[in-house]
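Asks: Take this structure first; my questions come after.
The values are calculated or read from the model by the stated rules, or taken from the named source; none is laboratory data. This is a predicted model, so every value here is computed, not measured. Virtual Cβ from ideal backbone geometry, glycine too; neighbours counted across all protein chains shown.
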Amino acid sequence: MSELGRFLILIGVVLIIAGLVLWMAPKIPWLGKLPGDFVWQRGRWTIYFPLGTSILISVILTLLLYLFRR
C-alpha cells in the first residue's frame, strides 16, 4: 500500500510541475524558439515541430527523475 501512496504523491508533484510550466510558458520568451524548432508555412497552413524544445524538456525531466530516484 505504501508503494501506491508514493506513486500517487509522485503523480501529484508531476502534475503540479506541469501546471506551473504551462502557466509560466508564455512568460519565457525563448521557449518554443530554440534552434531545432521547425516551422513550415504554406498559405493558410502552419506546421510547428518543437524538436529542440522537446529535447531540452526531456533532458531536464531525465535529470530531475534521476535525482529523485537516488
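Asks: Scan the range 3-49 for residues that are part of a strand (DSSP E or B) and surrounded by fewer than 10 Cβ atoms within 10 Å (Cβ to Cβ) and jot them down.
Replies: Of the residues in the range 3-49, the ones part of a strand (DSSP E or B) are 37-42, 45-49.
Matches in the range 3-49: 40, 41, 42, 45, 46, 47.
Asks: A further question follows. Evaluate the range 11-32: report whether one residue or more is of a type outside the set (Ser, Thr, Tyr) and farther than 27 Å from residue 68 by Cβ. Before you say what the answer is, go through the steps one by one.
Replies: Going through the range 11-32, the residues of a type outside the set (Ser, Thr, Tyr) turn out to be 11-32.
Applying the additional criterion that residues be farther than 27 Å from residue 68 by Cβ yields 26, 29.
Yes, the range 11-32 contains at least one residue that is of a type outside the set (Ser, Thr, Tyr) and farther than 27 Å from residue 68 by Cβ.
Asks: Something else about it: Taking residue 52 as meeting all but one of (1) in a helix (DSSP H, G or I); (2) touching a Gly at 6+ places or on another chain (Cβ under 6 Å); (3) surrounded by fewer than 12 Cβ atoms within 10 Å (Cβ to Cβ), write down the number of the exception.
Replies: Among (1) in a helix (DSSP H, G or I); (2) touching a Gly at 6+ places or on another chain (Cβ under 6 Å); (3) surrounded by fewer than 12 Cβ atoms within 10 Å (Cβ to Cβ), residue 52 violates only (3).
Asks: Count, please, the residues in the range 55-70 that happen to be closer than 15 Å to residue 31 by Cα and loosely packed, with under 11 Cβ neighbours inside 10 Å.
Replies: Kept after step one, since they are closer than 15 Å to residue 31 by Cα, are these residues of the range 55-70: 55-60.
When the remaining residues are screened for being loosely packed, with under 11 Cβ neighbours inside 10 Å, the result is 58-59.
The total comes to 2.
Asks: Looking at the range 35-52, is at least one residue touching a residue at least 12 places away in the same chain (Cβ under 8 Å), of a type in the set (A, V, I, L, M, F, W, C) and touching a helix residue (DSSP H, G or I) at 6+ places or on another chain (Cβ under 9 Å)?
Replies: Yes.
Asks: Determine which single condition residue 32 fails, assuming it passes every other condition in (1) touching a Pro at 6+ places or on another chain (Cβ under 7 Å); (2) modelled with pLDDT of 85 or more.
Replies: Among (1) touching a Pro at 6+ places or on another chain (Cβ under 7 Å); (2) modelled with pLDDT of 85 or more, the lone unmet condition for residue 32 is (2).
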